[in-house]
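Here's the structure, in structure tokens; my notes come after.
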Amino acid sequence: DAKTTQPPSMDCAEGRAANLPCNHSTISGNEYVYWYRQIHSQGPQYIIHGLKNNETNEMASLIITEDRKSSTLILPHATLRDTAVYYCIVRVNYGGSQGNLIFGKGTKLSVKP
Amino acid sequence: NAGVMQNPRHLVRRRGQEARLRCSPMKGHSHVYWYRQLPEEGLKFMVYLQKENIIDESGMPKERFSAEFPKEGPSILRIQQVVRGDSAAYFCASSPPLAGLYEQYFGPGTRLTVT
């Protein structure tokens, strides 16, 4: 699976959009971009994933560049409860077999009042 | 639909004892993964199981650690003769038995402390 690079930490004001970048310059054509987050002391929580089109769900939006070498996770209106470590993971579609997730160090997002 | 359940949530063992960690996947899920998170570090994959089969154990330490997912009952991660370095949070995740790529749903974790 391709390696990802994320800033170690970011701050965001409550109510503003949080934009979390991720570089995955060695991504290959069959690899998806996944985002998880881990709120302190809890199990990781799935947020969103995509292949090449932008995706949106009730939690966030995922913007993937046309060359797929980077992506941005957007939390449109960050709240204090969004303070967490956010992990960008690139993952191969094993076509029936599930495979494990490879977590890096992630970005520690601090939402401030 | 209940989420992934893990028990116990906290476990204290003395060096040399055995630790058994249980994971009940979400209803209908037959794929289970175990991850370990050492203090101040990221999650590391340990093992991937389907019912009665170990699919990938490439992340498991060679000694003292074993995992199973029987036909009936929860998945068990067993650590024999625990040492202080085994102190960590152990998370399990599950996913459905469907073709393709599906997200993994994580449990709340078991925090193991070895004294």
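The values are calculated or read from the model by the stated rules, or taken from the named source; none is laboratory data. The structure presented is a predicted model; accordingly, all values stated were derived computationally and were not measured. Backbone-built Cβ (ideal geometry, glycine too); neighbour counts: all protein chains shown.
The rows are residues; the columns are (1) in contact (Cβ under 8 Å) with a residue 12 or more places away in the chain; (2) within 17 Å of B:Tyr105 (Cα to Cα); (3) in a helix (DSSP H, G or I).
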{"site": "A:Leu73", "(1), (2), (3)": "yes, no, no"}
{"site": "A:Tyr86", "(1), (2), (3)": "yes, yes, no"}
{"site": "A:Asn100", "(1), (2), (3)": "no, yes, no"}
{"site": "A:Gly104", "(1), (2), (3)": "yes, no, no"}
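Every condition in (1) surrounded by fewer than 17 Cβ atoms within 10 Å (Cβ to Cβ); (2) modelled with pLDDT of 90 or more is met by A:Arg68 except one, and the failing one is (1). Looking across the stretch B:70-115, the residues that are of a type in the set (Phe, Trp, Tyr) and closer than 17 Å to B:Arg36 by Cβ come down to B:Tyr90, B:Phe91, B:Phe106. When each of B:Ala88, B:Ala93, B:Ala67, B:Ala19 is tested for being surrounded by 13 or more Cβ atoms within 10 Å (Cβ to Cβ), under 14 Å from the mean Cα position of the chain (by Cα) and within 11 Å of chain A (Cβ to nearest Cβ), the lone residue that passes is B:Ala93. Only one entry in B:Gly3, B:Gly59, B:Gly28 is assigned to a loop (DSSP other than H, G, I, E, B) and surrounded by 16 or more Cβ atoms within 10 Å (Cβ to Cβ), namely B:Gly59. Just one of the listed residues (A:Asn23, A:Asn54, A:Asn93) is more than 25 Å from B:Cys92 (Cβ to Cβ), at pLDDT below 95 and surrounded by fewer than 19 Cβ atoms within 10 Å (Cβ to Cβ), namely A:Asn54. The residues in the stretch B:37-53 that are within 11 Å of chain A (Cβ to nearest Cβ) and of a type outside the set (A, V, I, L, M) can be counted, and the count is 8.
Here B:Pro74 fits the description: at negative phi and surrounded by 16 or more Cβ atoms within 10 Å (Cβ to Cβ). Residues that are in a strand (DSSP E or B) and hydroxyl-bearing (Ser, Thr, Tyr) do not occur anywhere in the stretch B:76-89. Highlighted here are the strands (runs of 3 or more DSSP E) found entirely within the stretch A:21-65 that include at least 2 residues which are within 14 Å of chain B (Cβ to nearest Cβ), within 14 Å of the chain's Cα centre (by Cα) and not basic (Lys, Arg): A:31-38, A:45-50. With respect to the conditions (1) under 17 Å from A:Ser110 (Cα atoms); (2) assigned to a loop (DSSP other than H, G, I, E, B); (3) of a type outside the set (Phe, Trp, Tyr), A:Asp11 falls short on a single one, namely (2). Scanning the stretch A:26-37 for residues that are over 24 Å from B:Phe106 (Cα atoms) and surrounded by fewer than 21 Cβ atoms within 10 Å (Cβ to Cβ) gives A:Thr26, A:Ser28, A:Gly29, A:Asn30. Residue pairs whose Cβ atoms lie under 7 Å apart, separated by 6 or more positions or on different chains, with the first residue in the stretch B:21-45 and touching a residue at least 24 places away in the same chain (Cβ under 8 Å) and the second among the basic types (Lys, Arg), are B:Ser30/B:Lys51; B:Tyr35/B:Lys44; B:Arg36/B:Lys44.
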